[in-house]
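Please read the structure below before turning to the comments.
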Amino acid sequence: MDAEVVARDAASIDPELLQLPEVSPLALKENPHIAEQLYSQWLSMPETVRLVKTLINDAKAGAPLNILGSSNNANAAATSPLPSMFPAGSAPPLSPRSSSGSPRVMKRGVGVGPSSLGSPLKLVSEPVREVIPQFYFQNGRPPAKELKEMCLSRIDELFSGHLNGLQVQEFRTVTKDICKLPSFFSSALFRKIDVNCIGFVTRDEFINYWVNSNMMTMDIATQVFTILKQPDRKYLTQEDFKPILRELLAFHPGLEFLQGTPEFQERYAETVIYRIFYYVNRSGNGQLTLRELKRGNLIAAMQHADEEEDINKVLRYFSYEHFYVIYCKFWELDTDHDFFIDKENLIRYGNHALTYRIVDRIFSQVPRKFTSKVEGKMGYEDFVYFMLSEEDKSSEPSLEYWFKCIDLDGNGILTSNEMQFFYEEQLHRMECMAQEPVLFEDILCQMVDMIGPENESYFTLRDLKGCKLSGNVFNILFNLNKFMAFETRDPFLIRQEREDPTLTEWDLVMFGMNHLKLPFELNTGEIKKAMPF
């Protein structure tokens with residue numbers, strides 16, 4: 001027989017197939033050359049030749065074959081027709097095998113799986129398929145059994161004795177205790193469930209909406225978004241926030257004093273909504289998405305407003321004092337009280353702090369389209385956006401607002417020529433005020449050192465957002481009062497920043513204006529300004 005073929009067969013043979021009781025399979029595996037020599041000798045034995053011929057004749061005649069390895073009998077090796085390579089008694093006794101055979105070999109049914117001539121090492125079961133638990137649920141993750149039972153028990157308590165269901169004024173406890181939502185969401189949630197406007201929400205209706213639809217397992221931002229949005233929309237509009245603001249005004253102890261002044265209630269609600277969309281609706285299209293809601297801090301502010309009795313301590317969005325300052329500033333500039341402001345009105349803002357050139361850019365509606373629909377005039381919403389941008393130049397919406405104003409050609413970069421165009425008026429104002437003028441070349445070097453842009457020949461919006469002092473660049477270009485204030489900073493404000501680093505520029509401005517409150521009297525919805533004290 002060809003030696004190369006023998007060597008190849010010997011190399012591929014499994015030692016256990018030899019079934020040699022005189023030799024340990026482990027010894028053969030550790031010394032493959034022994035298996036090769038034994039295999040060559042076995043093939044040359046007369047008994048092997050006769051066995052092979054017998055098997056060939058049986059196969060031709062169609063008789064059943066007694067093939068090595070087809071038996072599961074533990075004594076198969078002892079009764080095997082294969083000739084032994086060793087004389088009887090010449091090898092040491094082997095440890096008896098388990099009745100189930102090798103632990104690596106699994107029993108197989110007759111006629112199932114690969115041929116029994118294959119290696120027993122390969123006759124193992126297929127690896128167990130790992131079952132990946134479901135991680136996406138179109139309607140939210142179902143609640144755990146314990147959580148569901150606990151919730152149902154609490155629902156039974158609150159709805160006990162109300163066979164017809166709960167009315168809207170009785171629903172606040174359900175909203176607060178079971179849904180864990182701010183209490184001023186109760187009316188919005190009630191109407192979301194009472195789709196037929198019956199005036200009652202039954203136990204089964206609430207369970208079907210809150211428990212069975214998996215609302216209870218959603219995060220609070222998704223719950224708020226789902227409750228407020230219209231069914232046919234995938235975003236929130238300003239109108240969607242009005243119901244919760246009306247309920248906040250009706251029940252919050254810090255806003256009780258507004259009960260008799262519906263006009264101020266309306267203006268307060270509008271201002272809160274404008275502030276929400278200014279900071280949270282980063283796309284600026286008036287369509288607040290779930291992604292924007294989750295990325296903002298509105299949910300935390302709502303929860304704070306619900307827990308805090310002093311509404312003025314809720315600095316984000318809901319502070320009445322902040323609304324008060326904004327509204328009084330607008331009223332002060334709107335001399336004819338037609339609720340519109342023109343260029344001449346706005347130029348008086350902050351004691352004539354702004355330059356004419358920047359006011360022209362604002363009224364060209366480059367940074368933001370006006371909502372007033374009156375040519376050449378901005379409405380109250382437009383003024384709120386302007387004032388938030390002007391008084392807090394550390395926020396991203398403000399940086400974007402003023403970047404668009406200075407970017408004259410709209411190419412996304414601020415060049416030295418564009419910045420010099422606005423600084424020229426500042427330089428002229430310094431000369432008129434008998435202040436020592438600072439040349440633009442010197443101020444440009446200062447701004448470059450301050451911002452540290454990637455390319456020193458221009459500023460990008462990314463450069464400005466990466467620096468905490470970016471707002472001063474815009475003050476240098478068009479707000480002389482703030483530019484000079486930064487050069488001679490008030491130690492009191494510096495101490496305030498150090499005491500509470502979470503305060504924004506807007507908070508500090510409002511804090512500074514508190515002792516200059518613009519007092520007013522309410523008389524049939526009009527403001528009568530008194531002398532400031």
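The values are calculated or read from the model by the stated rules, or taken from the named source; none is laboratory data. As the structure is a prediction and not an experimental result, all values here were calculated from the model. Cβ atoms come from the backbone with ideal geometry, glycine included; neighbour counts cover every protein chain shown. Please note that ligands, DNA and RNA were not included when accessible areas were found on the heavy atoms of the full protein model with its side chains. Shrake-Rupley method; radii C 1.70, N 1.55, O 1.52, S 1.80 Å.
Details
- Trypsin sites (Lys or Arg not before Pro) within the stretch 430-469: DSSP coil, no more than 14 neighbouring Cβ in 10 Å: Lys468
- Gain upon complete extension [Ser283, Val131; 0.36 nm per residue less C-alpha separation]: 50.6 nm
- Averaging the Cα positions of each part gives two centres, and for the stretch 227-276 and the stretch 339-394 these lie 24 Å apart.
- Sparse-neighbour loop sites [trypsin sites (Lys or Arg not before Pro); the stretch 309-399; at most 16 other C-beta within 10 Å; DSSP]: Arg348, Lys369, Lys373
- Contact order relative to length of the stretch 127-262, as percent, for alpha carbon pairs under 8 angstrom and 6 or more apart: 24
- Within the accessible surface of the stretch 278-422, defined with a 1.4 Å probe on protein heavy atoms only, the carbon and sulfur portion equals 46 percent.
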